[in-house]
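Worksheet: one structure, shown below.
Please treat every number below as a calculation from the coordinates, not as lab data. What you see is a predicted model, and the numbers here were worked out from it, not measured in a lab. Cβ atoms come from the backbone with ideal geometry, glycine included; neighbour counts cover every protein chain shown.
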Amino acid sequence: MNFLKVALTAALFAAAPTWAGDLTGPQNNAARSARQYLSMQGFSRNGLIEQLSSDAGDGYKVADATVAVDSLNRDWNQEAVRSAKQYLSMQGFSCKGLIQQLSSSAGDRYTVSQATFGAKQAGAC
């Protein structure tokens, strides 16, 4: 029984969010890069992790990019609104088209719920 308690406790600590002070060097660098990207445009959580970890992007390890992005405590719904407004400032989109762009794996990679929220708040729906 004690082994089970120890295993569950370890699993909970491993799943807990990492505080900015607990980041490793690469994770701190990835967090700095993420903040820089977010200062220029809206990103989804998955899109930002992809940008940070892809060979065409920054090349961080996926695990480091994930911890870094999660340490930022962003409101991804608000990022979706920001992205939606950016798209609408460049061209017209139908409600459905904007949600598709925001949620597509070839697009911004927001969840459908986040994309729908963003499109509605930006006035496309």
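Points to keep in mind about this one:
- Taking other C-beta atoms within 10 angstrom as a stand-in for reagent exposure, Ser44, Ser105, Ser113, Ser53 fall in the order Ser105, Ser113, Ser53, Ser44, fewest first.
- Residue by residue, segment 34-42 carries 3J(HN,Hα) couplings of 4, 4, 5, 4, 5, 6, 9, 6, x Hz when phi is fed to the Karplus relation 6.51 cos²θ - 1.76 cosθ + 1.60 (θ = phi - 60°); x denotes Gly or Pro.
- Percent RCO, i.e. relative contact order, over segment 32-125, from Cα pairs under 8 Å lying at least 6 residues apart: 29 percent
- For segment 71-84, 3J(HN,Hα) per residue [Karplus equation, 6.51 cos²θ - 1.76 cosθ + 1.60, θ = phi - 60°, Hz, x = Gly/Pro]: 6, 7, 6, 7, 8, 5, 5, 5, 5, 5, 4, 4, 4, 4
- Electrostatic dipole magnitude of segment 41-125 [Cβ: Lys, Arg +1; Asp, Glu -1; Cα centre; debye, to 20]: 380 debye
- Phi angles across segment 44-53 convert, under the Karplus curve 6.51 cos²θ - 1.76 cosθ + 1.60 with θ = phi - 60°, into 3J(HN,Hα) values of 7, 4, 5, x, 6, 4, 4, 4, 6, 9 Hz, Gly and Pro given as x.
- Alpha-carbon centroid distance for the pair segment 34-54 / segment 91-125, whole angstrom: 17 Å
- Shape class for segment 75-125, computed from the alpha carbon gyration tensor (a ≥ b ≥ c): rounded, with a/c under 1.5.
- Order of Ser54, Ser103 - criterion: other Cβ atoms within 10 Å of each residue's Cβ, fewest first: Ser54, Ser103
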